[in-house]
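*Asks:* Take this structure, written in structure tokens, and hold onto it; I'll ask about it next.
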Amino acid sequence: MLLETRKRTITRMITYRITAWLFTIVWTYMFTGDIANATGFATALHILLSIDYYIHERIWLKIKWGIERELPPT
């Protein structure tokens, strides 16, 4: 059975969100020209998306579709 700890899910979420947050700041700044607004928007957006990501990942861990067990080497 494949298991992923909550700690691993949270760590993946944080590392992904940091890179996505920085990406969002850069793109928002390019459109607005205001670093404060770009940072504020990106921060609020990624806090909400982090919550969504965590819930989404934990739900998918309960879905058995598409998971195959690895056979031990012979």
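The values are calculated or read from the model by the stated rules, or taken from the named source; none is laboratory data. On a predicted model such as this, the values are computed, not experimentally measured, just so you know. Because the Cβ atoms are built from the backbone with ideal geometry, glycine has one as well, and the counts that use them run over all protein chains shown. The protein model used for the area step is the full one, side chains on, heavy atoms only, and it has no ligands, DNA or RNA in it. Shrake-Rupley method; radii C 1.70, N 1.55, O 1.52, S 1.80 Å.
*Asks:* What is the calculated FRET efficiency for residue 35 to residue 8, with r their C-beta to C-beta distance and R₀ = 25 Å, to the nearest 0.05?
*Replies:* 0.15
*Asks:* Same structure, new question: In whole percent, and with a 1.4 Å probe on the protein chains, what portion of the accessible area of the chain is carbon and sulfur?
*Replies:* Taking all protein chains in place, the chain shows 70 percent carbon and sulfur surface.
*Asks:* Further question: So how exposed is residue 6, as accessible area in Å² (1.4 Å probe, rounded to 10)?
*Replies:* Rounded to the nearest 10, that gives 140 Å².
*Asks:* Right, something else. Skip the ligands, DNA and RNA, and give the accessible area per residue of the chain with a 1.4 Å probe, whole Å².
*Replies:* Ligands and nucleic acids excluded, the result is 86 Å² per residue.
*Asks:* Tell me what the chain gives for mean residue ellipticity at 222 nm when only DSSP H runs of n ≥ 4 count, each as -39,500 (n - 2.57), the sum divided by the residue total, rounded to 500 deg cm²/dmol.
*Replies:* -26500 deg cm²/dmol
*Asks:* If you consider only alpha-carbon coordinates, what radius of gyration and Dmax does the chain have, in Å?
*Replies:* 17.3, 60
*Asks:* Let me know the Kirkwood hydrodynamic radius for segment 1-42, please, with Cα pairs as the basis and the value in Å to one decimal.
*Replies:* That comes to 11.6 Å for segment 1-42.
*Asks:* Additional query: Of the residues 32, 11, 24, which exhibits the maximal mean-square fluctuation in a Gaussian network model of the chain defined by a 10 Å Cα contact cut-off?
*Replies:* So, out of 32, 11, 24, the one fluctuating most is 32.
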